[in-house]
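The values are calculated or read from the model by the stated rules, or taken from the named source; none is laboratory data. Keep in mind that this is a model prediction, so the values were computed, not measured. For neighbour counting, all protein chains shown are included, and Cβ atoms are generated from backbone atoms with ideal geometry for every residue, glycine included. Side chains are part of the model used for accessible areas, which takes the heavy atoms of the whole protein and leaves out ligands, DNA and RNA. Shrake-Rupley method; radii C 1.70, N 1.55, O 1.52, S 1.80 Å.
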Amino acid sequence: TLVVYALMEPIEQSLSDVLQSQALTADEGREVAEALVGGLTAIHQKGMSHGRVEAASVLATQETVKLRSDCLHLSAAGQGDDVAGIGTTLFHAFTQRKGLTATDAQINRIPAPFAEIIRNSFARRWNLDQINNALKPTLPVATVPPPPPPAPAPTPPAPPRVAGPPAAPAPPPPTAPP
């Protein structure tokens, strides 16, 4: 008989507790989303599923965000539900509302990239890798400045003057006749 047990650390609060008084900022949402993707990736790689991806399952211990482990399933069957749970959890985190429908107008008020993550994970179009890629900040494309214009060709020095015969003196000015 296989026995699975979970050791829980003391928690400060769950995401559900936080959402009773405030929605998350974009930075806080990113931290939660990254923790969910990281935790679920590790669980799914072991052939298991979580089964309860929701705000009450996201726990804070000091400066770390974790996913509770006392509801793991030894089957990969629920992995699609886990990914969809990321969308519903993020929706709850940004709106303080638990209910989500595919056409919910509140999604349009959620900052990027979270609105896209919510839509695609809830609709089961994305997997964990796609969510992870959406969370990576887009770096500005490096633009290569155009090369400087070519330097003008140096002006060749004037040819040296060759000393010739001395110049003839200027003729005297004409004088008036007497």
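Against the conditions (1) open to solvent by less than 50 Å² (accessible area, probe 1.4 Å); (2) at negative phi; (3) not hydrophobic (A, V, I, L, M, F, W, C), E34 satisfies every one except (1). Within segment 89-137, the residues that satisfy the criterion of being of a type in the set (F, W, Y) and either in a helix (DSSP H, G or I) or without any contact (Cβ under 8 Å) to a residue 40 or more places away in the chain (or both) are F91, F94, F114, F122.
Scanning segment 66-84 for residues that are of a type in the set (S, T, N, Q), part of a loop (DSSP other than H, G, I, E, B) and closer than 20 Å to E34 by Cα turns up just one, S69. Residues in segment 105-119 that are open to solvent by 20 Å² or more (accessible area, probe 1.4 Å) and within 15 Å of A84 (Cα to Cα): E116, R119. For segment 53-63, the set of residues classified as open to solvent by 20 Å² or more (accessible area, probe 1.4 Å) and out of contact with any Asp or Glu (no Cβ under 9 Å at 6 or more places or on another chain) consists of E54, E63, listed by residue number. Taking the criterion of being over 19 Å from T95 (Cα atoms) and of a type in the set (A, V, I, L, M), the residues of segment 36-71 that qualify are V37, L40, A42, I43, M48, A60, V65, L67.
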